[in-house]
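Taking it in order: structure first as structure tokens, then the write-up.
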Amino acid sequence: MEEVIIYTDGACSGNPGPGGYGAILMLGENKKEISGGKKDTTNNIMELSAVIEALKLLKRPCKVQLYSDSAYVVNAFLQHWVDGWIKNDWKNSNKEEVKNKELWQELISLTKVHDVTFHKVKGHSDNKFNNRCDELAREAIKNLK
């Protein structure tokens, strides 16, 4: 199984407001950058979209090392929040509906195709790939106008 490294980031100008996402996929020497955006969205939706859109590009099952500065996305898997949500019929610990349920369901289905390991990185720091994803997300917001 090939190992792919993916970095992702989402951004929002206002929350909610215009948002964008960026991702970098790396396999050996090959590198692909993607981005996209929506006129009316939230930061969390863009963080999830970045991961989903990157994973959707993989043409066959892969071992994925996924790096994100989003505690929302990373902790949902590392701290097994998603397992609890599924078990509790998509209610969170406060017995409220889980926000962005459809996106979470899509992401969970992608993690069943690929062997994904989530890693939390510090945002807006010295990680050049995370910083580049942030640039891609912000450019996507500018391109909406």
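No value in this document is a laboratory result; all are computed from the given coordinates. Remember, it's a predicted structure, so these values are computed and weren't measured experimentally. In this analysis, Cβ positions are derived from the backbone assuming ideal geometry, glycine residues included, and neighbour counts consider all displayed protein chains.
Structure above, values below:
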| quantity | calculated |
| --- | --- |
| Residues Lys112 and Asn15, FRET efficiency given R0 of 35 Å [Cβ-Cβ distance, rounded to 0.05] | 0.70 |
| Computed lengthening from Glu29 to Asn75, 0.36 nm per intervening residue step minus Cα-Cα distance | 13.6 nm |
| Cα-derived Rg over Rh, computed across the stretch 3-144 with Rh taken as Kirkwood radius | 0.96 |
| Ranked list, fewest to most other Cβ atoms within 10 Å of each Cβ, for Tyr72, Tyr21 | Tyr72, Tyr21 |
| Relative exposure of Ser13, Ser68, judged by other C-beta atoms within 10 Å (fewest first) | Ser13, Ser68 |
| Estimated inter-spin distance, Lys120 and Lys56, nm [label 7 Å along Cα→Cβ] | 2.8 |
| Chain lengthening between Lys39 and Glu96 when straightened (0.36 nm per residue, less Cα-Cα) | 17.9 nm |
| Within the chain, helix-based [θ] at 222 nm, where runs of 4 or more DSSP H residues each add -39,500 (n - 2.57), nearest 500 | -12500 deg cm²/dmol |
| Set Lys39/Lys91; Lys31/Lys59; Lys31/Lys128; Lys56/Lys101; Lys56/Lys112; Lys31/Lys56 screened for pairs whose C-alpha atoms are more than 22 Å apart | Lys39/Lys91 |
| DSSP bridge pairs, the chain: antiparallel proportion in percent, nearest 5 | 60 |
| Rel. contact order, % - alpha carbon contacts under 8 angstrom, at least six apart, the chain | 35 |
| Distance in nm between pseudo-label sites at Met1 and Lys87 (7 Å out along the Cβ direction from Cα) | 2.4 |
| Check: the chain dipole with +1 on Lys, Arg Cβ and -1 on Asp, Glu Cβ, in debye | 160 |
